Amino acid sequence: MTSALFSPITLRGLTLANRIAVSSMCQYNAQGGSANDWHLMHLGQFAMGAAGLVMTEATHVSPEGRITAKCLGLYSDDNERALKRVIDFCRQYGVTALGLQLAHAGRKASAHTPLDSGAPLGPDEDPWLTLAPSSLPYGPGWHAPRAMTEVDLAEVKAQFVAATERALRIGFDLLELHAAHGYLLHEFLSPISNRREDAYGGRLESRMRFPLEVFEAVRRVWPEDRPLGVRVSATDYVEGGWTVEDTVALATELKAFGCDFLDISGGGLDPRQQIPLGPGYQVRFAEQVRREAGIPTWAVGMITRARQAETIVAGGQADMVAIARAMMFDPRWAWRAALELGAETPHSRMYARCHPSSWPAASTMVDSAA
Ligand SMILES: Cc1cc2nc3c(=O)[nH]c(=O)nc-3n(C[C@H](O)[C@H](O)[C@H](O)COP(=O)(O)O)c2cc1C
C-alpha cells in the first residue's frame, strides 16, 4: 500500500519526508524568554522522528508579546543562543525538519499559564501593558490593551523582522507566523477585536493590512528557498466574527505575497465562542481554503489516528496534518502510524534496531496474552 500521509512534500527548497507536523505547543517553562534543558528533551524527543516537521511552541517577538512570563521569546541575544543550543541538539541527533512559530500575544499577553489558571496577571503580579488594534479587553476581568499607534505598528513589524533574522541565524528550515487563537495578528483580522477607524480597521481589506504588512516584511528577509506560512483561526466561532470566507480572502492575498501554506486552526478570539469539538472538527476549513484559495493547507484539531490522517491527505482535504496532544501523549505517534499504514519513515540511527520488522518473528506490537 502506498501511503499519502507518508509521501514527501516539497515547499520551496524544503522537502519533508512525510505530511505530519508536530504542532506548536507552549511549554510555559522558559526563563526570560530563553529555552532550557526542558526544551532539549521536549523538542529532542520529537526530532528523533518520525514526523516530517517539528514546530517550536509560540516564540514571541518581544517581552510584552509573551502570553506569560514563562513563554519562549526570540528578542534577545540570550534567547537566540538558548534556542540555537536546542535546535543544534535536535539536528545532531534528530531526523526531522525544524520549524519556528513566531508570535505576539497582543491583548492576551500578561497572563498566568493555563496550569496556573490562565487568568490575567493581577495588579500585584507584575502585569504589563498589552497592545492590541483597539482598546478592548479579551473578556471580563482582562487587561484593557493600548490601541496601537502608528509607532507601535512599525515597532512590532520590526520586532517580527528582527526575530526572523535570529531564526535564520539559528538555522530553522521553515517559519510560521501565528495569526490565530486571538493573538495580535488575529486581533487585527477580526471585526470583534478591531474597531479602528484608520487604514488598519473597518472593512476586511483594512483589517488584513497589518498582518499582510508583517508577512511581507518577514518574507523579504526570510530566504527565497525556505517556506513561510501562517497559522490562522478559520473562524472565531462567534456570530459577527471572522469567518471561513474571510480566511479564504486572506489566504488569496497571502498567496500573492509568497505564502507557502496556511495552517488552519480556529477560535481563541472571544470567550463567547461555541466550538463543536469532535474528531477532525476543523478539517473542513482546511479543505475549503485549499480548494478556494488554491494554497497548501495543514489540518489541525483532534486528528489522533493514523487512518484518519491518511484519509485527510489522500482525500485532498489538506496537504499536511499538524498533531499536538496525541504527539505529546505518544511521541512515537508517527512511527506507529507508519507501521499501521505499511510505510517507511526515518528513524534516528541509534534507534534503528527498535523497528518491529527486526524483532524475532513471534513478537508483535500486540500483547498476545490479552
Ligand atoms: C499544551 C498545548 C500548547 C499549545 N500551544 C500552542 C502554541 O504555542 N501555538 C499554537 O499555534 N497552538 C498551540 N496549541 C494548539 C495546538 O497546536 C493544536 O492546534 C491544538 O491542540 C489542536 O490539535 P490537537 O487536537 O492535535 O491537540 C497548543 C495546544 C496544547 C495542547
Between the stretch 44-118 and the stretch 121-155, the Cα center-to-center distance that results, in Å: 22 Å
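Residues with beta-carbon under 14 Å from that of residue 12, excluding residue 12: net charge, scoring Lys, Arg +1 and Asp, Glu -1? It would help to have the intermediate numbers written out before the result.
Working: positive: 219, 226, 255; negative: 173, 176, 224, 225, 260, 319.
Counting the neighbours of residue 12, the net charge comes to -3.
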Around residue 199, what is the net charge, scoring Lys/Arg as +1 and Asp/Glu as -1 over all other residues with Cβ under 11 Å from its Cβ? -1
Among rounded, prolate and oblate, which fits the stretch 193-293 when a ≥ b ≥ c are the square roots of the eigenvalues of its C-alpha gyration tensor, a/c under 1.5 means rounded, and a/b larger than b/c means prolate? oblate
Average Cα contact separation per residue, the stretch 198-266, under 8 Å, 6 or more apart, as relative contact order %: 35 percent
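Can you run the Rg to Rh ratio on the stretch 227-370? Use alpha carbon positions and the Kirkwood inverse-distance Rh. Walk me through the numbers before you get to the answer.
Numbers: Rg = 18.5 Å, Rh = 17.1 Å.
For the stretch 227-370, the value is 1.08.
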Tally up the carbon and sulfur contribution to the accessible surface of the chain as a whole percent, 1.4 Å probe, everything protein left in place. 53 percent
Which of the peptides 191-200, 91-100 is most tightly packed, and how do the rest follow, judged by the mean count of other Cβ atoms within 10 Å per residue? 91-100, 191-200
Degrees between helix 150-170 axis and first principal axis of the chain (Cα, 0 to 90, nearest 10): 20 degrees
With an 8 Å cut-off on Cα pairs and a minimum separation of 6 or more residues, tell me the relative contact order of the chain in percent. 17 percent
In whole Å, how far is the Cα centre of the stretch 289-365 from that of the stretch 175-250? 29 Å
Apply 1/(1 + (r/R0)^6) to the Cβ-Cβ distance of residue 197 and residue 361, taking R0 = 51 Å, and write down the FRET efficiency to the nearest 0.05. 0.10
Among 145, 127, 114, which one shows the highest mean-square fluctuation when the chain is modelled as a Gaussian network with alpha-carbon springs under 10 Å? 114
Add -39500 (n - 2.57) for each DSSP H run of 4 or more in the chain, then divide by its residues: what number comes out at 222 nm, to the nearest 500 deg cm²/dmol? -10000 deg cm²/dmol
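Residue 100: net charge of surrounding residues, Cβ under 10 Å, Lys/Arg +1, Asp/Glu -1, itself excluded? Display every interim value, and only then the final one.
Working: positive: 166; negative: 57, 173, 176.
Here the charged neighbours net out to -2.
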Residue separation times 0.36 nm, minus the C-alpha to C-alpha distance between residue 336 and residue 291: what's the value? 13.2 nm
Pairs on different chains or at least eight residues apart, Cα atoms closer than 21 Å: how many lysine pairs in the chain fit? 4
The stretch 88-200, accessible area per residue, ligands and nucleic acids excluded (1.4 Å, Å²): 39 Å²
Give me the dipole magnitude in Debye, nearest 20, for the chain about the Cα centre, with unit charges on the beta carbon: positive for Lys and Arg, negative for Asp and Glu. 760 debye
Heavy-atom accessible area per residue of the stretch 23-69, all protein chains kept, 1.4 Å probe, expressed in Å², is 26 Å²
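The values are calculated or read from the model by the stated rules, or taken from the named source; none is laboratory data. Please read all numbers here as calculations on a predicted model, not as lab measurements. Every residue, glycine as well, gets a Cβ built from its backbone with ideal geometry; the counts of neighbours run over all protein chains shown. For the accessible areas, the whole protein counts, side chains as well, though only heavy atoms, and no ligand, DNA or RNA atoms are used. Shrake-Rupley method; radii C 1.70, N 1.55, O 1.52, S 1.80 Å.
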